[in-house]
Amino acid sequence: MAEAKAEEQQQQGEADGSDGASAPAEEDRSPEERLPVDPGEHHELPDREHCEEILRKMLLIRRFEERAGEMYTKAQIGGFLHLAIGEEAAIVGATLAMRESDYLISTYREHGQALARGTDPKRVMAELFGRQDGVSKGHGGSMHLFDIEKRFMGGYGIVGGNLPLAVGLGLAADYQETDDAVVCMLGDGAINQGNFGESLNLAALWRLPVVFLVINNQFGMGTAIERASAITDLSKRGDGFGVPGARCNGMDVLDVKDELENALRKAREDRQPQIVEAVTYRFRGHSMADPEEYRSKEEVEEWQRRDPITTFGDRVKHEEVVSQDDIDGFDEDAKSTVEEAVEFATNSPFPELDALYDDLYSYSGEEPGWYVVDERAPETHKGEELKTSSSDAMRELAEAGAAYAKVGDAEERRKRPDPEEGEEQSSGPRDEEGGAH
Amino acid sequence: MAEMRYREALNQALREELEADENVFIMGEDIGVFQGAFKVTDGLLEDFGEKRVRDTPISENTIVGAGVGAAMAGLRPIVEIMTINFSLLALDQIINAAASVRYMFGGQVGVPMVIRMPQGGGHQLGPTHSHCFEAIYLHIPGLLVAVPTTAADAKGLLKAAVRDENPVIFIEHEGLYGKKGDVPENGDASPMRFGEAAIRREGDDVTIVGISRQALTAAEAAETLADEHEIEAEVIDPRTLRPLDLDTIVESVKKTNRAVIVEEGWPHGGVGANLAALIQEQAFDHLDAPVGRVTGADTPMPYSKPLEQAAMPHPEHVVKTVLSTFRDL
Ligand SMILES: Cc1ncc(C[n+]2csc(CCOP(=O)(O)OP(=O)(O)O)c2C)c(N)n1
Ligand SMILES: [Mg+2]
């Protein structure tokens, strides 16, 4: 362990010396030289209970993501599916530094964030399946999870789209004179959105308690960070906006937690927004539809040697805080939790077709007007009427449309194929139709 | 009742809502120290302080997004965008966030927020400052859209907008800010309801629906039609486009058998195009002529005065279109 650390430190020194314009061309760098992970600081292990919590959370995310990936290939999950395998330390470290009343707002790669905040895995899986019991009732999908009770303020499918919202959450925390803070996660790709500068400036100008956590997994889809950002030390990108930054080892859960704790304290107590960059790596493709032609197998393998779960597991075993048997037990628990989630999602019904217009507007008192006008049917109708007084024609058309979901009519939709028996679907044609992002 | 200008009525509404609810606050570019590009927020900073009346940097998308975030966390923001053209920089947050959040998160949170912005030509501001985009916002499910024409409506609808649980696009008109009208005074001014059209003038011969300032153009045209052509027009100002008081419009068309829609925005995909579709769907058998439309010209707004006026609808255009619906077919 110590040796590996020293080696990494040395690499880091080299990286520091060769930052920015003087960096060697990409092809001249070995995989381990491509943004070597900052070893960060050395942190004492917390007590057994906390080590267990960390392991359990990281394992739950890992197993959930793996199983979600399988369910995607079995066509139980549609759309895009972005897995965070490899990024567990960044997610768990960050959320462990937060208070319950703090807000977390994230990107579309956010299943793990919801789980780490304590959202029921069953309802997360059900959302991925597009079922009625999903956290967003099947209106959101994988990219749009949300849990108001856990103050998990959402996944967002627009790259950078969550940044202004984070500022608003910080504004509300400030306005309401609470000492709640906000953690806003974004990717290394999102940092180049115009929103980034606008949001950092406004947060700093108004002294809002927001920590911008850049999960630098070194790629925005297939574009490597050095092909998208002139300054690749992303912790420095807040400098001109009055948002100080720090970098941490996104593969080391304790380092992420520590850095986030510092940042949250400064944000909360000094009313000074912060940026933290967690350097990590995603082990899977950008989404399930990614053939990964933009990086070498060797590079991925190099980073897999820094697997945040294995490295932390090795350390707790080495220091005799938790045994291999314990870890195996946690892993079994994680797997069965995920199994239950899959079962729950499988048995949850698809939303009723009436739910098409649900939760679009809040109606107060008697509804005076046509909030939603549906002009698709022979009889134009108020959208909200599908539920109350829709004509047979409307219902038939809704059923006809839903039939294209290829899950049968209303009756059949309730009893769905067993995903275990479901055919392995090649993800090819589906992905070609929907693109890959 | 007190007579006041449209901008003063808006100012009163803001003032009353700021007084009524601690969670209401205003933010926007130059709304505080400068008191608003159109002076709608005159005096509010002085009276309510910097917490409630917040000058922002020039960052439309982030101002709107910050409003959405604050609304999700329990506040009731009113965001002013200086001119409707600038709201295009905030379309991401307006559509992908404000309009979608409630729906995409299964109703777990709402976005009780008002986004105010003026629109309209006539001041020679050229192609980036003069457009009318109510059709863009009408297009988006999840938003409410108000287009008040009179001082009283400006006040009543703004108060209602602030109290509504949905995100509201509140479209004012630059050409109306100085117009005077009677407004119920503080105390007896209850907020109006969205989705209730106003019948500005009754008539049996043709229904003219005027949007935003064009409700006034429609009313002027109606007088000419009565004086010079013995045509009694019924003039309807829908006041809000979402929800839309389609019932009042359709009832009127069933009585008059003719409809003309007047708007300042562009013809393709416009409010009138949409309304014409709805009218023919709902009242086809009652129509004696195709639904007529009067719109702004299908060009960016030109600067030169005669060109600009040529690009905008005037009563003459309305009269002509109404008369065309009386042609023998
Ligand atoms: C505004 C916008 N542009 C483009 C996309 C397509 N897209 C989805 S994810 C992504 C890459 C984002 O990379 P990064 O911010 O590093 O996050 P990561 O996927 O690595 O977690 C792109 C380009 C999008 N969703 N939104
Ligand atoms: Mg990335």
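Every read-out reported here was derived from the displayed coordinates using simple, explicitly stated rules and does not represent laboratory data. Computed from a predicted model, the values in this text were never measured in an experiment. Every residue, glycine as well, gets a Cβ built from its backbone with ideal geometry; the counts of neighbours run over all protein chains shown.
Worth pointing out:
- Relative contact order (percent, whole number), segment B:140-240, Cα cutoff 8 Å, 6+ residue spacing: 33 percent
- Long-range Cα-Cα pairs in the protein assembly as shown (distance over 45 Å), rounded percent: 32 percent
- Average partner coverage of A:159-166, which counts Cβ from other chains inside 10 Å: 6
- Set of lysines near residue B:254 by C-alpha distance (under 16 Å), chain-local residues within fewer than 8 positions excluded: none
- Distant alpha-carbon pairs in segment B:19-162 (separation over 27 angstrom), percent: 17 percent
- Taking 37 °C and 0.692 mPa s as conditions, segment B:198-324 diffuses translationally at an estimated 229 µm²/s according to Stokes-Einstein applied to its Kirkwood radius (Cα pairs).
- Measuring spread by the Cα atoms of segment A:103-200 yields a radius of gyration and Dmax of 13.6, 39 Å.
- Chain B: proportion of alpha-carbon pairs further apart than 39 angstrom, %: 12 percent
- Rounded to the nearest 20 debye, dipole of segment B:2-189 from Cβ charges on Lys, Arg, Asp, Glu: 340 debye
- Calculated from backbone phi, Karplus (6.51, -1.76, 1.60) coupling profile of segment A:154-162 in Hz, x at Gly/Pro: x, x, 9, x, 9, 4, x, x, 7
- Test item: A:285-294 mean partner chain Cβ contacts at 10 Å: 0
- Spatial separation of Cα centroids for segment A:122-164 and segment B:149-184, in angstrom: 35 Å
- Counted charge near residue B:204, where neighbours are those whose Cβ lies closer than 9 Å (Asp, Glu -1; Lys, Arg +1): -3
- Cβ-based exposure ranking for A:248, A:51, in which fewest neighbours within 10 Å come first: A:51, A:248
- Pair residue A:343, residue B:33: separation of 7 Å Cα→Cβ label points (nm): 6.5 nm
- Aspartates and glutamates whose Cα lies under 18 Å from that of residue B:180, excluding same-chain neighbours fewer than 8 positions away: B:3, B:8, B:42, B:153, B:172, B:220, B:237
- The distance separating the Cα centre of segment B:87-108 from that of segment B:1-67 comes to 22 Å.
- Counting only other chain Cβ atoms within 10 Å of each residue's Cβ, the peptide A:133-140 averages 4.
- Links that overshoot a 26 Å alpha carbon limit, given the list A:335/A:406; A:150/A:335; A:137/A:406; A:382/B:155; A:257/A:317; A:150/A:406: A:335/A:406; A:382/B:155; A:150/A:406
- Taking the DSSP bridge list for segment A:3-347 and keeping only pairs wholly inside it, about 10 percent are antiparallel.
- Whole-angstrom gap from segment A:264-339 to segment B:120-146, using each part's C-alpha centre: 48 Å
- Given charges at Cβ of Lys, Arg, Asp, Glu: chain B dipole, positive-most of B:178, B:72, B:301: B:72
- Dipole axis of segment A:253-386 (+1 Lys, Arg; -1 Asp, Glu on Cβ), positive-most option in A:294, A:370, A:274: A:274
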